[in-house]
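To keep things clear, I will list the structure first and then write my remarks on it.
The values are calculated or read from the model by the stated rules, or taken from the named source; none is laboratory data. Values in this document were obtained by computation on a predicted structure and should not be read as measured data. Cβ placement follows ideal geometry from the backbone for every residue including glycine, while neighbour counts extend to all protein chains displayed. These area figures cover heavy atoms from the full protein model, side chains too; ligands, DNA and RNA do not enter into them. Shrake-Rupley method; radii C 1.70, N 1.55, O 1.52, S 1.80 Å.
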Amino acid sequence: MTVQQQQATMPTVLVYEDDPGNPPLVNMPVPHPIPQLDTQPFPTAIAEAAPQPDSAGPGSEAFRYWVAADALSRASRTWGPLVPAGTQWHPMVGRALTAHLNAGDDLNAFYDRRGLWFFRRTVGGVTVAACESNEVVEHETGHAILDALRPQLFNAASAEAAALHEAFGDISALLSSLGLESLRIAVLAETQGDLELSSRVSRMAEQLGWAIRQGHPNAVDRDCLRNLSNSFFYRDPVELPPNGPANTLSSEPHSFSRVFSGAFLKVVAGIFRQQDLQDQAGLAAAAEIAGQLLVDAVVAAPVVSAYYAQVAGHMIAADQRRNGGKYGQSLRSAFIRHGILSLDAAASITEPELARRGAGMAEATPGGGDDEGLTAVTVHGATYGVTQALTLSAPAAERRFGIAGSDPAGGTLRPADPERVAASYLEDLFRRGRVHVPEEHRSDVAFSDDNPSRLKTHQITRSSTGEGLALVRKCFD
Ligand SMILES: [Zn+2]
């Protein structure tokens with residue numbers, strides 16, 4: 001039997017490769033091998049029963065199941081080879097990460113350490129099921145992967161830490177798309193080899209973005225949910241408004257994530273330009289190299305204020321260790337262009353400095369306690385309409401590299417202290433209506449937002465360690 005004959009007889013399912021597409025345009029479903037979910041080190045499962053793999057088409061439950069299964073399996077294959085040996089899901093997730101494909105009526109999806117939850121809603125006659133977009137599934141799975149690597153980010157009271165989680169989700173979708181030869185060929189044709197340009201792989205969740213745009217015209221990009229091809233320049237998020245239209249930068253984590261994910265797309269583009277051949281195989285290699293450096297960096301970087309700069313610095317350090325600094329210029333250039341590193345900061349990460357700091361980074365291991373390395377900060381509850389003092393897990397004070405982002409006026413920003421970062425984060429959550437405050441913890445002037453359509457990502461609970469109350473995260477959406 002020839003390879004072609006074998007492929008022809010191998011059972012397949014129809015899937016969208018990245019997203020259903022921007023209505024009324026729809027992407028073409030393509031046949032993929034039946035996805036394997038139970039793969040190490042990131043086994044996944046789907047709560048709903050598996051339908052027959054009989055090439056069901058778009059709009060059917062069977063089709064949605066196979067798109068989600070294909071996406072989960074591709075996430076495991078994208079990240080599995082890049083993470084340190086022994087990495088596993090956060091202990092609360094259990095052995096396999098379970099996806100729930102029909103969790104209720106909403107235009108959203110989230111990860112909450114019990115699994116992945118995908119919602120759906122019919123808008124303008126189009127049923128938009130979040131699980132039917134590979135990019136949405138990969139984004140949510142990305143949250144679970146990063147939670148396995150760096151559980152300290154889950155409760156960290158820091159806009160920048162939360163935004164790095166969102167960036168990692170979109171990068172998960174980008175790398176998953178670039179894992180397919182068909183999409184690599186498509187994006188090279190669409191961008192004529194300049195990966196920095198807007199393309200099918202840089203535009204996240206076109207269909208979900210379209211659905212949100214029908215009710216909230218300014219909440220998302222013109223042609224997708226978010227675009228990694230962007231020019232957003234770093235600002236200290238404590239100085240930014242809590243919300244804003246999609247064409248502005250706010251401290252809202254999805255909005256602020258675009259600074260980092262935008263730089264990451266430029267990193268991939270730069271590494272690709274440095275490959276011997278600018279073909280689809282060169283692009284596969286570039287995506288894998290960039291993904292590896294990111295994994296190395298998030299495992300090693302301390303969770304501090306100006307966290308983006310630390311992750312960027314650790315990517316440069318990882319490149320020095322793994323590749324002898326071959327891609328240092330691509331990395332520095334991308335992070336400087338987005339203001340994540342100031343010129344001073346980028347120039348200060350020298351080879352001797354990296355050699356001096358290198359041992360600690362090489363020894364870093366994934367996982368650990370949820371609050372490890374974070375600083376407990378207590379704030380006055382009355383300011384937030386709650387009855388007692390509130391404890392927050394603020395970013396740590398100790399940084400490995402004394403580096404920070406660009407001041408838009410020139411030079412280097414001075415990172416805000418952990419207390420200010422945490423208080424600003426809490427205030428922004430309340431101003432966005434994202435905190436659930438149980439009745440018994442509300443003061444007379446409580447302003448908890450009870451609109452059930454606004455997903456509560458956080459809640460106030462009794463502190464597990466001592467007196468008073470604590471802010472804990474429920475989920476990443
Ligand atoms: Zn997210």
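Excluding same-chain neighbours fewer than eight residues apart, the lysines reachable from Lys326 by a Cα-Cα span under 20 Å are Lys266.
Fully extended, how many nm does the chain gain between Glu351 and Asn323 (0.36 nm per residue separation, minus their Cα-Cα distance)?
Once the chain is fully extended between Glu351 and Asn323, it gains 8.8 nm.
Over all alpha-carbon pairs in the range 155-204, figure out the percentage whose distance exceeds 19 Å. Tail of P(r) above 19 Å: 35 percent of Cα pairs. The HN-Hα couplings worked out from phi for the range 94-104 by the Karplus form 6.51 cos²θ - 1.76 cosθ + 1.60 (θ = phi - 60°) are x, 5, 10, 7, 9, 9, 10, 7, 9, 8, x Hz, whole numbers, x standing for Gly and Pro.
Cα centroid separation, the range 233-310 to the range 168-210: 15 Å. Working from Cα pairs under 8 Å separated by at least six residues, relative contact order for the chain is 14 percent. The residues of the range 72-169 expose on average 27 square angstrom of accessible surface per residue, using a 1.4 Å probe on protein heavy atoms. Inter-part distance, the range 76-151 to the range 344-410, computed on C-alpha centroids, equals 26 Å. Other residues lying with their Cβ under 11 Å from the Cβ of Asp449 contribute a combined charge of +4, Lys and Arg counting +1, Asp and Glu -1.
Ignoring lysines fewer than eight residues from Lys456 along the same chain, the ones with Cα atoms less than 16 angstrom from its Cα are Lys474.
Summarise the accessible area of the chain (1.4 Å probe, protein heavy atoms) by the percent that is carbon and sulfur.
51
Near Gly57, once Lys and Arg are set to +1 and Asp and Glu to -1 for all other residues with Cβ below 14 Å from its Cβ, the sum equals -2. Derived value for the range 267-399: Kirkwood hydrodynamic radius 16.6 Å. Basis is the mean of 1/r over every pair of different alpha-carbon atoms. Report P(r) for the range 11-362: all Cα-Cα distances, bin width 20 Å, range 0 to the bin holding the largest distance, values in whole percent. That works out to 32, 60, 8, 0, in percent per bin.
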